[in-house]
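A.B. asks: Okay, here's the structure, questions in a sec.
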């Protein structure tokens, strides 16, 4: 296998182009030219319809694809009565209320047609609450991989395996936290993302993670276990939590009273924990 196209085409526009290209292959006019790609394009369409509770499309079917229609990433008209609106992301987050704005624009443009709203992301983020609140279905990297893998034995076009291999590589890097020593992934983001996602699955007290900027270049941090705590020495209330700073695990204090005195508050908390017998002080 030669150089991978998507090692160099890394932007969201490149991913937009691939998704548009695959959706376009679902159109009935291309079934005779490459049946494998036509079936894979239909698999993508049907995956999104299934998430919306709709049956698979009856083939042959017409699929008309628009890119950047009224600033929406991808819009696909399927048959006579279905419109799929896709907000496509690699790593970026949302920009204000863009999901609501695009939904309203498409509803106005395609009056009388059923709208299927999809948020497709091949990177990762800590929370998708804002997405689901806006009424969009989540198509994440795992779903995209599962759909693309179904075409491995019947698609020979070179663009398809390049995209699949690139996405498989991203998934492997994210999951590498489970098999590689921490010392190997200290300076990498993807293994930390995988580890933080595991914490979100395994812990019940609201783990969040994101990039934290600072003068040293920032880090990918995670934080959880927010608790109110009164310093028994000063009797000052503190709002403390646990934070991982892409390596070290630290106690943080986000309360107003911590300004200028977070170090002493943390030392006092550690002293209290040590006296309670829950920590050996090492």
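The values are calculated or read from the model by the stated rules, or taken from the named source; none is laboratory data. A quick note: this is a predicted structure, and the numbers were derived from the prediction, not measured. A quick note on method: Cβ atoms are made from the backbone with ideal geometry, for glycine too, and the neighbour counts reach across all protein chains shown.
A.B. asks: Would you mind finding the one in 226, 219 that is under 17 Å from residue 251 (Cα atoms), surrounded by fewer than 15 Cβ atoms within 10 Å (Cβ to Cβ) and either without any contact (Cβ under 8 Å) to a residue 60 or more places away in the chain or in contact with a helix residue (DSSP H, G or I) (Cβ under 9 Å, 6 or more places away or on another chain) (or both)?
C.D. replies: It is 226.
A.B. asks: Among the residues of the range 194-216, what is the count of those that are in contact with a helix residue (DSSP H, G or I) (Cβ under 9 Å, 6 or more places away or on another chain) and over 15 Å from residue 248 (Cα atoms)?
C.D. replies: Total meeting the criteria: 6.
A.B. asks: Moving on. Taking residue 117 and the conditions (1) touching a strand residue (DSSP E or B) at 6+ places or on another chain (Cβ under 6 Å); (2) farther than 19 Å from residue 138 by Cβ, which numbered condition does it fall short on, given that it satisfies the others?
C.D. replies: (2)
A.B. asks: Only one residue in 81, 73 is farther than 21 Å from residue 13 by Cβ and assigned by TED's automatic domain parsing to the domain that holds residue 134. Which one?
C.D. replies: Just one listed residue meets the conditions, 81.
A.B. asks: Could you list, in sequence order, all residues of the range 22-76 that are touching a residue at least 60 places away in the same chain (Cβ under 8 Å) and assigned to a loop (DSSP other than H, G, I, E, B)?
C.D. replies: Matches in the range 22-76: 34, 52, 54.
A.B. asks: Please indicate, with yes or no, whether at least one residue in the range 92-103 is in contact with a helix residue (DSSP H, G or I) (Cβ under 9 Å, 6 or more places away or on another chain), in contact (Cβ under 8 Å) with a residue 60 or more places away in the chain and in the same structural domain as residue 41 (by TED's automatic domain parsing).
C.D. replies: Yes; the residues of the range 92-103 include at least one that is in contact with a helix residue (DSSP H, G or I) (Cβ under 9 Å, 6 or more places away or on another chain), in contact (Cβ under 8 Å) with a residue 60 or more places away in the chain and in the same structural domain as residue 41 (by TED's automatic domain parsing).
A.B. asks: Still on this structure: If residue 59 passes every condition in (1) at pLDDT below 95; (2) closer than 21 Å to residue 141 by Cβ but one, which one does it miss?
C.D. replies: Residue 59 satisfies all of (1) at pLDDT below 95; (2) closer than 21 Å to residue 141 by Cβ except (2).
A.B. asks: Have a look at 191, 181 and point out the one that is surrounded by 15 or more Cβ atoms within 10 Å (Cβ to Cβ), free of Cβ contacts under 8 Å to residues at least 60 places away in the same chain and out of contact with any strand residue (DSSP E or B) (no Cβ under 8 Å at 6 or more places or on another chain).
C.D. replies: Being surrounded by 15 or more Cβ atoms within 10 Å (Cβ to Cβ), free of Cβ contacts under 8 Å to residues at least 60 places away in the same chain and out of contact with any strand residue (DSSP E or B) (no Cβ under 8 Å at 6 or more places or on another chain) holds for just one of 191, 181, which is 191.
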